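Student: What follows is a structure written as structure tokens; I'll ask about it next.
The values are calculated or read from the model by the stated rules, or taken from the named source; none is laboratory data. The shown structure was predicted, so the numbers you read here are calculated from the model rather than taken from an experiment. Glycine gets a Cβ as well: all are built from the backbone with ideal geometry, and neighbour counts include every protein chain shown.
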Amino acid sequence: MTAAPHGTPTRATYGDGLAVVVVTYSPGDSLSAFLDSVAGATTRPVRVVLADNGSVDGVPEAEAAAGRAELLAMGENLGYGAAANRAVAGLDPSVGWVLVSNPDIVLGPGALDTLLEAADRWPRAGSLGPLIRTDDAVYPSARLQPSLGRGVGHAVFGAVWPANPWTRSYRQEGSVEERTAGWLSGSCVLLRREAWDSVDGFDPRYFMYFEDVDLGDRLGRAGWLNVYVPDATVVHTGGHATTRDAPTSARMLREHHRSAYRFLADRYRGARWAPLRAGLRAALAARARWSTRSAG
């Protein structure tokens with residue numbers, strides 16, 4: 001196990017309370033399984049808030065009516081990050097730790113307590129992420145930041161040459177020790193509220209995709225750490241809302257490429273980098289067209 005860095009914890013501005021924010025959009029049966037798993041994931045009292053982006057299946061309302069969670073209706077689909085931001089902002093100061101999660105996650109036994117124990121070892125941890133399993137694999141949920149070289153190499157070759165060195169480096173596959181990472185998957189991540197506040201949470205310009213990459217980068221720039229804790233495990237049962245409710249998979253692919261461009265363009269600003277941004281825009285647009293044709 002990688003040793004935790006030494007340092008003095010920053011002054012706490014919140015209590016030690018724990019909350020779970022689940023961003024929902026017609027989650028179907030997956031939400032019930034998630035809520036069932038919360039009780040076994042921690043011995044602490046926990047407040048569960050459903051940040052609902054305009055569900056039409058009635059599931060979030062039914063779970064709230066049953067007393068299993070609080071419902072915070074957005075009234076429309078604000079996107080993942082903006083909905084999470086609004087829910088976290090409504091928590092009282094006793095809550096110092098917030099798990100932000102998709103509904104199609106099942107938390108493993110003791111997963112939340114294991115993440116909180118790791119936070120004691122890493123006093124500068126701003127975010128902590130579990131090992132995420134899918135049906136047949138471990139998802140590479142703790143990655144390096146997509147530098148220009150790694151990002152372009154992964155974008156260009158990832159689909160046609162999965163074992164290319166840029167993708168292997170970026171995804172950090174096979175590295176399952178407790179360690180720091182450039183960013184952690186936003187599908188299930190524990191956040192220190194003081195750190196969250198220091199960077200103003202998710203950037204709401206990202207409707208979906210890359211909001212977690214951007215958050216990890218900004219936390220790192222602000223002096224916090226993103227810590228991968230594989231002893232805490234969860235299961236991601238699938239992209240429920242995306243696969244069923246999104247208009248088309250092609251739209252999701254286009255949104256992914258738009259978010260990728262926004263992330264890189266934000267980090268290469270000014271006239272000096274204008275030619276680079278133009279090249280990135282053209283290359284990502286071409287890749288989006290190729291990907292949507294392949295998906296169709």
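Rundown of residues vs (1) in contact with a helix residue (DSSP H, G or I) (Cβ under 8 Å, 6 or more places away or on another chain); (2) over 30 Å from Glu194 (Cβ atoms); (3) in a loop (DSSP other than H, G, I, E, B), yes/no style:
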| residue | (1), (2), (3) |
| --- | --- |
| Arg47 | no, no, no |
| Glu61 | no, yes, no |
| Ala64 | no, no, no |
| Arg68 | yes, no, yes |
| Leu72 | yes, no, no |
| Asn77 | no, no, yes |
| Ala87 | no, no, no |
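Student: Can you tell me which residue in segment 196-210 is surrounded by the fewest Cβ atoms within 10 Å (Cβ to Cβ), limited to those that are at pLDDT 95 or above and under 21 Å from Ile132 (Cβ atoms)?
Tutor: Phe202
Student: Would you check if Ser37 is modelled with pLDDT of 95 or more and either hydrophobic (A, V, I, L, M, F, W, C) or crowded, with 19+ Cβ neighbours inside 10 Å (or both)?
Tutor: Spelling it out, it is not the case that Ser37 is modelled with pLDDT of 95 or more and either hydrophobic (A, V, I, L, M, F, W, C) or crowded, with 19+ Cβ neighbours inside 10 Å (or both).
Student: Just to verify a result, which residue in segment 97-140, among those that are modelled with pLDDT under 95 and part of a loop (DSSP other than H, G, I, E, B), is nearest to Glu211 (Cα to Cα)?
Tutor: Per the criteria, the residue is Pro140.
Student: Now for a different question. What's the number of the only condition in (1) of a type in the set (S, T, N, Q); (2) surrounded by 15 or more Cβ atoms within 10 Å (Cβ to Cβ); (3) modelled with pLDDT under 65 that Thr233 fails to meet?
Tutor: For Thr233, the exception is condition (3).
Student: Output the residues belonging to segment 41-67 that are surrounded by fewer than 17 Cβ atoms within 10 Å (Cβ to Cβ) and under 16 Å from Ser101 (Cα atoms).
Tutor: Matches in segment 41-67: Arg47 only.
Student: Looking at segment 198-213, I want the residues that are at positive phi and have a partner that is assigned to a helix (DSSP H, G or I) and among the aromatic types (Phe, Trp, Tyr) with Cβ atoms under 7 Å, at least 6 apart or on another chain. Which pairs are those?
Tutor: Phe210/Phe263
Student: Pick from Leu280, Leu264, Leu219: which is at pLDDT below 70, hydrophobic (A, V, I, L, M, F, W, C) and surrounded by 14 or more Cβ atoms within 10 Å (Cβ to Cβ)?
Tutor: Selected residue: Leu280, the only one of Leu280, Leu264, Leu219 that is at pLDDT below 70, hydrophobic (A, V, I, L, M, F, W, C) and surrounded by 14 or more Cβ atoms within 10 Å (Cβ to Cβ).
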